[in-house]
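*Asks:* I'd like to ask you about the structure that follows.
The values are calculated or read from the model by the stated rules, or taken from the named source; none is laboratory data. Since we're looking at a predicted model, the values are computed, not measured. Glycine gets a Cβ as well: all are built from the backbone with ideal geometry, and neighbour counts include every protein chain shown. When the accessible area is computed, the model is the full protein with side chains, heavy atoms only, and any ligands, DNA or RNA have been set aside. Shrake-Rupley method; radii C 1.70, N 1.55, O 1.52, S 1.80 Å.
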Amino acid sequence: MKMASDNLAMGIFLFFQITVGMLGNSSILFYYVILIFTGKRLMPKDLIIKHLTFANCLSVITKGIPQTMAHFGFKDFLDDIGCKLIMYVYRVMRGMSLYAMCLLSSFQAITISPSNSRWIKFKHRATKYIGPSCSLSWLVHMFLNILTPTRVSGPIYKKNVTNWVSYGYCSWFASSNMTTTLYMFLLCFSDALCLGLMACSSVSMVSLLYRHKRQVKHIHSAQYFLNVSPETRATQTILILVCTFIVSHSVSSIRLAFRTSSKGPMLWGVSVFLFLETCFPIVCPFVLISNIKSISSLFLPCCGKR
């Protein structure tokens, strides 16, 4: 009875979390739909945010909804094909979200670099290839995760089944053969490469902002400190997103290890990890809405005027 009550409470909590995340991501997608239909030209940063938001939206759907339904007791609503499709789409969206955040932080680091910097020559080139790069990355991540459906099955409840990790609504085959090891190494290498680039660009942005703050420290005008430049505001927003993403991505890896090694049901421990894992796609749209003037002026008129 207590387990059923805990499942119901966690299901309600996850449902509220998913609803908030879907509202935030849908608002940004709706904003870009308006821009496209009104003939507005999207900036390179807007192109990246559009792909990032779409990936986050599908991540919330493919990760949060099945988990919520499993907590409500609907554990057999997905068959084998449904599980393979859901997990494959989630893995593609997860990789695409990582790539988009890496591209966004790297592009912002190049954008705010000084005019005499060696990176400034890449600014126009990066602007030109951002659109094709985002489109190509979808194909790359679809190819990288092509073996995911072979490692996913419908829910397995037999206690004597080995090498299978149950997620309540689907099961994951935990194999240790050479092919799986090489495949996992390829996925980890691509993730580590993006995370490394993201970390380097973030350190570069923090260093530039710190040097800029020291250079203008002698300016005592209140008007200057109240009117933060758009570049600084955008950089601060991206740094917040990078920190949130790194925490969410790290928790995702910890949750996988935790779920694989746990012997018995540990509902709240796993659910806390799930909450932190899905934190980024839920927090991301609201950070963008509240910090990017062009979006906040449409959805939050009071913030835009302020």
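*Asks:* Please find, within segment 17-37, the residue that is nearest to residue 289 (Cα to Cα) out of those that are of a type in the set (A, V, I, L, M) and open to solvent by less than 70 Å² (accessible area, probe 1.4 Å).
*Replies:* Within segment 17-37, the first condition is being of a type in the set (A, V, I, L, M), and the residues that meet it are 18, 20, 22-23, 28-29, 33-36.
So of that shortlist, the ones also open to solvent by less than 70 Å² (accessible area, probe 1.4 Å) come out as 18, 20, 22, 28-29, 33-35.
Details: 18: 18, 20: 13, 22: 14, 28: 8, 29: 11, 33: 15, 34: 15, 35: 15 Å.
That would be 28.
*Asks:* Let me confirm something: among 40, 45, 84, 50, which residue is open to solvent by 10 Å² or more (accessible area, probe 1.4 Å) and touching a Pro at 6+ places or on another chain (Cβ under 6 Å)? Give the steps one after another, and end with the answer.
*Replies:* Working: 40 fails: touching a Pro at 6+ places or on another chain (Cβ under 6 Å); 45 fails: touching a Pro at 6+ places or on another chain (Cβ under 6 Å); 50 fails: touching a Pro at 6+ places or on another chain (Cβ under 6 Å).
Every option except 84 fails the conditions.
*Asks:* Can I ask one more? Part of a helix (DSSP H, G or I), at pLDDT 85 or above and of a type in the set (Gly, Ala, Ser): does that describe residue 59? Spell out the reasoning first.
*Replies:* Numbers: part of a helix (DSSP H, G or I): yes; at pLDDT 85 or above: yes; of a type in the set (Gly, Ala, Ser): yes.
Considered against the rule, which asks whether it is part of a helix (DSSP H, G or I), at pLDDT 85 or above and of a type in the set (Gly, Ala, Ser), residue 59 comes out as yes.
*Asks:* Give the residue that is modelled with the highest pLDDT, with candidates limited to residues of segment 185-207 that are closer than 16 Å to residue 140 by Cβ and open to solvent by less than 50 Å² (accessible area, probe 1.4 Å). Even if it seems obvious, please write down each step before you answer.
*Replies:* Here is the first cut: in segment 185-207, the ones closer than 16 Å to residue 140 by Cβ are 186-194, 197.
Checking which are open to solvent by less than 50 Å² (accessible area, probe 1.4 Å) leaves us with 187, 190-191, 194.
Working: 187: 80, 190: 84, 191: 83, 194: 87.
Among residues in segment 185-207 that are closer than 16 Å to residue 140 by Cβ and open to solvent by less than 50 Å² (accessible area, probe 1.4 Å), the one modelled with the highest pLDDT is 194.
*Asks:* Within segment 30-49, is there a residue that is in a loop (DSSP other than H, G, I, E, B) and either closer than 20 Å to residue 143 by Cα or within 23 Å of the chain's Cα centre (by Cα) (or both)?
*Replies:* We begin by selecting, within segment 30-49, every residue in a loop (DSSP other than H, G, I, E, B); these are 38-43.
This time we only want the ones that are either closer than 20 Å to residue 143 by Cα or within 23 Å of the chain's Cα centre (by Cα) (or both), so: 42-43.
Yes, because at least one residue in segment 30-49 is in a loop (DSSP other than H, G, I, E, B) and either closer than 20 Å to residue 143 by Cα or within 23 Å of the chain's Cα centre (by Cα) (or both).
*Asks:* Oh, and also: Please indicate, with yes or no, whether at least one residue in segment 72-80 is surrounded by 18 or more Cβ atoms within 10 Å (Cβ to Cβ) and part of a helix (DSSP H, G or I).
*Replies:* There is no residue in segment 72-80 that is surrounded by 18 or more Cβ atoms within 10 Å (Cβ to Cβ) and part of a helix (DSSP H, G or I).
*Asks:* Here's a follow-up. Can you confirm whether residue 14 is among the aliphatic types (A, V, I, L, M) and surrounded by fewer than 19 Cβ atoms within 10 Å (Cβ to Cβ)? Give the steps one after another, and end with the answer.
*Replies:* Values: among the aliphatic types (A, V, I, L, M): yes; surrounded by fewer than 19 Cβ atoms within 10 Å (Cβ to Cβ): no.
No: the conditions fail for residue 14.
*Asks:* Under 6 Å by Cβ, and 6 or more places apart or on different chains, what pairs join a residue from segment 179-199 that is within 23 Å of residue 243 (Cβ to Cβ) with one that is small (Gly, Ala, Ser)?
*Replies:* Short answer, once both residue conditions are applied: 197/106; 198/105.
*Asks:* Could you grab the pairs with beta carbons closer than 9 Å, sequence gap of 6+ or different chains, first residue in segment 95-107 and farther than 17 Å from residue 288 by Cβ and of a type in the set (Phe, Trp, Tyr), second one open to solvent by 10 Å² or more (accessible area, probe 1.4 Å) and part of a helix (DSSP H, G or I)?
*Replies:* 99/51; 99/133; 99/140; 99/141; 99/190; 99/194
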